[in-house]
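These notes concern the structure reproduced below.
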Amino acid sequence: MISGVKPKTLLNTILLTLSIFTVIFILFFIFNNFLQPKVGMYSYLGEKRSFDEAHSQAFKFFSNIAKGRKNCTKGSQLVFYSNDSKVYAICNYIYTEITFPREGGEKLELPFYIGRVRDYRKVWSTVINAIIRIPEAMEQGVYKSPNVDNYYFKIVPMLPLCITFHNPANEYIDVKLAFTLYINNAEIKPYGNPITFGFDGKWHNITMCFDIISESFSSLTEEMLLEKGHEFKNLTKLSNEVINLTYHIELYANKEILNKSFTIKIFTGLPGILVRE
């Protein structure tokens, strides 16, 4: 027996403490699941304009690697900070040159076409991986862009890419890049299909750089979140301490240009995640 404390008083104190913790847990559960604002299955974090300065820093670093002005130790983790965002990325990149004419492989199946139906054939593919270690606890959610009925995720995957067309004969070019994303071995299909980005036109010698991955999760309508929110659900796994990212990248060319003469150069790397504050 504890000196000076009656058994009944001690028992009452313990029961009172347990009751308080139980009430707190119940209130937290109710708030988190019923009272906290949500858009579809995701917590609504409010209206906010995101400038993604850390993403700009990472993209600039990637561009300098592509130009030979910067370098990093392959496999090392890089962190870019700003007031409104953070980027965690892995120094892993791929460079390739794809020359035409060449033979095409399997056909790209698309749910719809803009304009006439075209036959795209695979001409190149690769896989790039990243294991990201997050030093802090994070929770997924969505923000609303001011003055626009669009939403964007707090935590999104990213993959910068530059594509160069060297086309001395000024041939007509019609190709598509297709991205399939896996997070912790679970496939993410934000629109029910691979993320695609098309190039259609005549260019003599041009380089274009972009990050279609982060953009695909950064301008979403409320209708899309409500109707197709389940297709984004694996994004919540980005709150884990270790995140395994795998990107399958494929290049498809219109069957009609397979016998043309031109070269496509692709440089991609710094796979990672963007976290908006």
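Listed by position, the strands (runs of 3 or more DSSP E) contained in the stretch 38-105 that have at least 2 residues being more than 26 Å from residue 252 (Cα to Cα) and not hydroxyl-bearing (Ser, Thr, Tyr) are 42-47, 77-81, 85-90. Listed by first and then second residue, the pairs linking a residue in the stretch 54-71 that is in the same structural domain as residue 97 (by TED's automatic domain parsing) and of a type outside the set (Phe, Trp, Tyr) to a residue that is surrounded by fewer than 16 Cβ atoms within 10 Å (Cβ to Cβ) and assigned to a helix (DSSP H, G or I), with Cβ atoms under 8 Å apart and 6 or more places separating them unless they lie on different chains, are 70/64.
Any residue in the stretch 257-272 that is free of Cβ contacts under 8 Å to residues at least 60 places away in the same chain, among the polar types (S, T, N, Q), surrounded by fewer than 17 Cβ atoms within 10 Å (Cβ to Cβ) and not in a loop (DSSP other than H, G, I, E, B)? No, the stretch 257-272 has no match at all. Per the listing 235, 245, 220, the residue uniquely within 16 Å of residue 160 (Cβ to Cβ) and assigned by TED's automatic domain parsing to the domain that holds residue 83 is 245.
Would you call residue 155 under 16 Å from residue 188 (Cα atoms) and surrounded by fewer than 20 Cβ atoms within 10 Å (Cβ to Cβ)? Considered against the rule, which asks whether it is under 16 Å from residue 188 (Cα atoms) and surrounded by fewer than 20 Cβ atoms within 10 Å (Cβ to Cβ), residue 155 comes out as no. Of everything listed in (1) part of a strand (DSSP E or B); (2) under 13 Å from the mean Cα position of the chain (by Cα); (3) surrounded by fewer than 18 Cβ atoms within 10 Å (Cβ to Cβ), the single unmet condition for residue 233 is (1).
The values are calculated or read from the model by the stated rules, or taken from the named source; none is laboratory data. Just so we're clear, the structure is a prediction, and the values are computed from it rather than from any experiment. In this analysis, Cβ positions are derived from the backbone assuming ideal geometry, glycine residues included, and neighbour counts consider all displayed protein chains.
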